[in-house]
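Working notes for the structure below.
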Amino acid sequence: MGDVISEGCLRGVGTGIIGRHLEIIDNVTSTNDIARERAKAGCREGLIIVARSQSDGKGRMGRNFHSPEGGLYLSIVLRPDAPPYLASTLPLLAGLAVSKSISTTLMLKTSLKWPNDVLIDGRKVSGILAESSIKGDRLEYVIIGIGINVNFPMTDLPQELWECAWTLRDASGSMVDMEELLRNLVCFLENLYNRFMEGDVGPILEEWSDRSETLGRLVRVRTPSSELEGTALGLDQTGALLISIDGLLHRIDSGDVEHLFGQ
Ligand code: BTN
């Protein structure tokens, strides 16, 4: 059973783009840092950087992402021939791929919290950090960084996370085959990315919505400049969250969502 990722792990997986090159590094500051370097140096799209642990794992909104050994930490370099406004749908696409790959590998029900957290029983098992570079009026590259809490015990995370986070090992009750999980993830990513490139974004966002735990709920949203409370109604075509507050529709590009109870 693949408890760590080996060089040949993606051989025979059959994807044309995602994972055609795989680089494995023991410990890095952040796989996004390495992927950015490779992208700037002109690597082909589809390169995946995997690390066994990260000393400076980065999360959304400037947060830290705890990355002990036993997790799956990877960054993928993409070069979509697309306008910059479409970049915001890629992390949602990646969250959908993670959710599907966990469900397929472990037969566990997963759900999505906007914008791209993957949950099991309401607890976060995976997060995604995307960054993009623009050249002229097109995307130059997009880095999709994915962190999944796989095989370490919850006690390897700080105690303040014990209630809201979970690991796949603890959720499923046994060790997880990390290589099988990565192979499934790469296949779902490739399928969704091909559909994205064919302009099929609407149906991808519909699939995201079907798995979402955010939509239809009363939520509190913290953006860099405000805090809002309302009912999450849906996504627009860029993946932004639409919430209704006193009958008025608000569009949220980025922020942190808290699911409120007693709606
Ligand atoms: C979040 O939940 O706030 C996003 C977490 C993203 C973590 C992944 S792990 C691989 C990649 N490298 C990083 O430094 N961050 C992302």
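The values are calculated or read from the model by the stated rules, or taken from the named source; none is laboratory data. Owing to the predicted nature of the structure, the values given are computational and were not obtained by experimental measurement. A quick note on method: Cβ atoms are made from the backbone with ideal geometry, for glycine too, and the neighbour counts reach across all protein chains shown.
The one condition from (1) away from the ligand (no atom under 16 Å from the Cβ); (2) within 16 Å of Leu181 (Cβ to Cβ); (3) not assigned by TED's automatic domain parsing to the domain that holds Asn194 that Val4 does not meet is (1).
When Cys9 is tested against the conditions (1) within 21 Å of Ile128 (Cβ to Cβ); (2) assigned to a loop (DSSP other than H, G, I, E, B), the lone failure is (2). Considering Ile243, Ile204, Ile252, the condition of being among the hydrophobic types (A, V, I, L, M, F, W, C) and assigned by TED's automatic domain parsing to the domain that holds Val125 is satisfied by Ile204 alone. Listed by first and then second residue, the pairs linking a residue in the range 139-153 that is more than 26 Å from Pro83 (Cα to Cα) and part of a loop (DSSP other than H, G, I, E, B) to a residue that is among the basic types (Lys, Arg) and away from the ligand (no atom under 12 Å from the Cβ), with Cβ atoms under 6 Å apart and 6 or more places separating them unless they lie on different chains, are Asn151/Arg169. I'd like to verify a number: residues in the range 170-190 that are in contact (Cβ under 8 Å) with a residue 60 or more places away in the chain and either among the small types (Gly, Ala, Ser) or surrounded by fewer than 18 Cβ atoms within 10 Å (Cβ to Cβ) (or both), how many? So the answer is 5.
Report those strands (runs of 3 or more DSSP E) wholly inside the range 45-117 carrying at least 2 residues which are over 14 Å from the mean Cα position of the chain (by Cα), within 12 Å of the ligand (Cβ to nearest atom) and of a type outside the set (Val, Ile, Thr).
Of the strands (runs of 3 or more DSSP E) lying wholly inside the range 45-117, those with at least 2 residues that are over 14 Å from the mean Cα position of the chain (by Cα), within 12 Å of the ligand (Cβ to nearest atom) and of a type outside the set (Val, Ile, Thr) span 48-54.
Across the range 118-135, the number of residues qualifying as closer than 26 Å to Arg36 by Cβ and either within 15 Å of the ligand (Cβ to nearest atom) or buried (at least 17 other Cβ atoms within 10 Å of the Cβ) (or both) comes to 10.
Just one of the listed residues (Met178, Met197) is among the hydrophobic types (A, V, I, L, M, F, W, C) and more than 15 Å from Ser99 (Cα to Cα), namely Met197.
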